[in-house]
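Data block below; observations after.
The values are calculated or read from the model by the stated rules, or taken from the named source; none is laboratory data. Only a predicted model underlies this, so the values are computations on that prediction, with no experimental measurement involved. Here the Cβ positions follow ideal geometry from the backbone for every residue, glycine too, while neighbour counts run over all protein chains shown.
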Ligand code: BV8
Ligand code: ZN
């Protein structure tokens, strides 16, 4: 069991604005493959081919099958103790903001409510042409789904080369700028602009804590690197905070 420095708990108790920014690593212990780990889903397919407008237009059937596979997986997995600990932290800390790159809906299912989903949510669909939400069930066996406007239906996630949702990315940058304690959890810190958040927080005087099973591009500038599984470290932090 990793030991959590006393001063981190003291900082958490005195912090006025705490931000946690998560990536695929927080869902790994729920059985959701990460993007770049050895079991990463990108390893089998490449992101440009699947998570991009060009990739979708070139092969909508393949991209839809990939997202349906991931949706079916989400229905079979549960939030893990790391997700639940973040939901607890939201209740225990006066001003807590959760930012996530994940589209797996597990933070919401764990009980977090103040979530900034930077890359959308795989449980939602919308029209590629008119952006209207699409609430019908997706039945690929009946063919590809289309909007009443004639446009193709797509998962409501942010693909490579696409802008992030304005409200969420603005709020995320504002939260990072004002944070006095910033957690970067389970992310390879590679995908922009999400990867810029901890650096922005640090530049604005935040104490930056990284939780990951291995170092990333952020580790050398973080104030504290807790090496280990988020599903073990986060509940320990909550236990000590109580
Ligand atoms: C934009 C949604 C521009 C879809 C995702 C060169 C070429 C092309 C593009 C670019 C380029 N250079 C920069 C770019 C921009 C690009 C980018 O950053 N590319 C990177 C790869 C270089 N970014 C974009 O395209 C973004 N848009 O920039 O728009 C623009 C600007 C103006 C006007 C118009 C356009 C859009 C990025 C969003 C892409 N969508 N997902 C889907 O999911 O299907 S990204 C995808 O990667 C997921 O969201 C995922 O969350 C995200 C980041 O990955 P991580 O979450 O970090 O996951 P990863 O597997 O990498 O790491 C897991 C980590 O967990 C590891 O560190 C591991 O050690 C750790 N871990 C594992 N187990 C545990 C653990 N830690 C703790 N406990 C454990 N148990
Ligand atoms: Zn439409």
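Within the range 36-77, restricting attention to residues that are under 17 Å from the mean Cα position of the chain (by Cα) and modelled with pLDDT under 80, which residue is farthest from residue 229 (Cα to Cα)?
Only one residue tops the list, namely 47.
What tally of residues in the range 209-234 results from selecting those that are out of contact with any strand residue (DSSP E or B) (no Cβ under 8 Å at 6 or more places or on another chain), surrounded by fewer than 17 Cβ atoms within 10 Å (Cβ to Cβ) and assigned to a helix (DSSP H, G or I)?
Summing the residues that are out of contact with any strand residue (DSSP E or B) (no Cβ under 8 Å at 6 or more places or on another chain), surrounded by fewer than 17 Cβ atoms within 10 Å (Cβ to Cβ) and assigned to a helix (DSSP H, G or I) in the range 209-234 gives 1.
Output the number of the condition that residue 161 fails; it satisfies all remaining conditions of (1) within 16 Å of ligand 1 (Cβ to nearest atom); (2) at pLDDT 95 or above; (3) on the phi > 0 side of the Ramachandran plot.
With (1) within 16 Å of ligand 1 (Cβ to nearest atom); (2) at pLDDT 95 or above; (3) on the phi > 0 side of the Ramachandran plot applied to residue 161, the lone miss is (2).
Kindly provide the set of residues from the range 129-153 that are under 16 Å from residue 69 (Cα atoms) and either within 16 Å of ligand 1 (Cβ to nearest atom) or outside the structural domain of residue 60 (by TED's automatic domain parsing) (or both), ordered by number.
Within the range 129-153, 138 is the sole residue that qualifies.
In this structure, does residue 168 turn out to be touching a residue at least 12 places away in the same chain (Cβ under 8 Å), over 23 Å from residue 27 (Cα atoms) and outside any strand (DSSP E or B)?
Judged against the criteria, residue 168 is not a match.
Does the range 178-198 include one or more residues that are out of contact with any strand residue (DSSP E or B) (no Cβ under 6 Å at 6 or more places or on another chain), within 23 Å of residue 7 (Cβ to Cβ) and touching a residue at least 40 places away in the same chain (Cβ under 8 Å)? Steps first, please.
Taking the range 178-198 and keeping what is out of contact with any strand residue (DSSP E or B) (no Cβ under 6 Å at 6 or more places or on another chain), we get 178, 180, 187-196.
Then drop every residue that is not within 23 Å of residue 7 (Cβ to Cβ), which leaves 178, 180.
If we keep only those that are touching a residue at least 40 places away in the same chain (Cβ under 8 Å) too, we end up with 178, 180.
Yes.
Would you say residue 71 is over 19 Å from residue 184 (Cβ atoms), surrounded by 12 or more Cβ atoms within 10 Å (Cβ to Cβ) and in contact with a strand residue (DSSP E or B) (Cβ under 7 Å, 6 or more places away or on another chain)?
In short, yes.
How many residues are part of a loop (DSSP other than H, G, I, E, B) and free of Cβ contacts under 8 Å to residues at least 40 places away in the same chain when one looks only at the range 122-144? Show your work before the answer.
From the range 122-144, those part of a loop (DSSP other than H, G, I, E, B) are 128-132, 135-139, 143-144; that's our starting set.
Then keep just the ones that are free of Cβ contacts under 8 Å to residues at least 40 places away in the same chain; that gives 129-132, 135-137, 139, 143.
Going through the range 122-144 one residue at a time, the tally reaches 9.
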